[in-house]
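K.L.:
For reference, the structure I am asking about is given below.
The values are calculated or read from the model by the stated rules, or taken from the named source; none is laboratory data. Remember, it's a predicted structure, so these values are computed and weren't measured experimentally. So basically every Cβ, Gly included, is an ideal-geometry build from the backbone, and we count neighbours across all protein chains shown.
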Amino acid sequence: MRDFNDTRERITNDMRAVIAETEALLEALATESKEQIAGVRPRVETAIAHAKARVERMESALERQARHAARDVDIYAHKNPWQTAGMAAGLGAAIGAIIGVLVARR
């Protein structure tokens, strides 16, 4: 979970950098010469590329974690079918009760 939080924080920082660089580019478009604008553009492109790469790595890590979790659940369900059925029934009953309470309130 720590890796997820670290990655999320890095992506957030990258997005802030992209926004800051984009704002600088927009300001330059309004007031600066073509040469100054050209100097800002590579920084914006670099910031966007870094943010995209981090998002792709995070997606890959989340997909890998989801596959592992699904495999673990499958293994548990096969080793403990009655416990799994009981948990599913309990969860279904709890969700039904919540829905019943919400519907009754209206």
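K.L.:
Among the candidates ALA61, ALA89, ALA30, ALA93, single out the residue that is within 26 Å of the chain's Cα centre (by Cα), part of a helix (DSSP H, G or I) and at negative phi.
P.N.:
Exactly one of ALA61, ALA89, ALA30, ALA93 is within 26 Å of the chain's Cα centre (by Cα), part of a helix (DSSP H, G or I) and at negative phi, namely ALA61.
K.L.:
Any idea how many residues of the range 46-84 are of a type outside the set (A, V, I, L, M), closer than 30 Å to LEU25 by Cβ and touching a helix residue (DSSP H, G or I) at 6+ places or on another chain (Cβ under 6 Å)?
P.N.:
Counting residues in the range 46-84 that are of a type outside the set (A, V, I, L, M), closer than 30 Å to LEU25 by Cβ and touching a helix residue (DSSP H, G or I) at 6+ places or on another chain (Cβ under 6 Å) gives 2.
K.L.:
Somewhere in the range 64-79, is a residue modelled with pLDDT of 90 or more and over 30 Å from ASP6 (Cβ atoms)?
P.N.:
yes
For every residue, the table says whether it meets (1) surrounded by 12 or more Cβ atoms within 10 Å (Cβ to Cβ); (2) at pLDDT below 75; (3) among the hydrophobic types (A, V, I, L, M, F, W, C).
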{"residue": "ARG8", "(1), (2), (3)": "yes, yes, no"}
{"residue": "THR12", "(1), (2), (3)": "yes, no, no"}
{"residue": "MET15", "(1), (2), (3)": "yes, no, yes"}
{"residue": "GLU21", "(1), (2), (3)": "yes, no, no"}
{"residue": "VAL40", "(1), (2), (3)": "yes, yes, yes"}
{"residue": "THR46", "(1), (2), (3)": "yes, no, no"}
{"residue": "GLU56", "(1), (2), (3)": "no, no, no"}
{"residue": "SER60", "(1), (2), (3)": "no, no, no"}
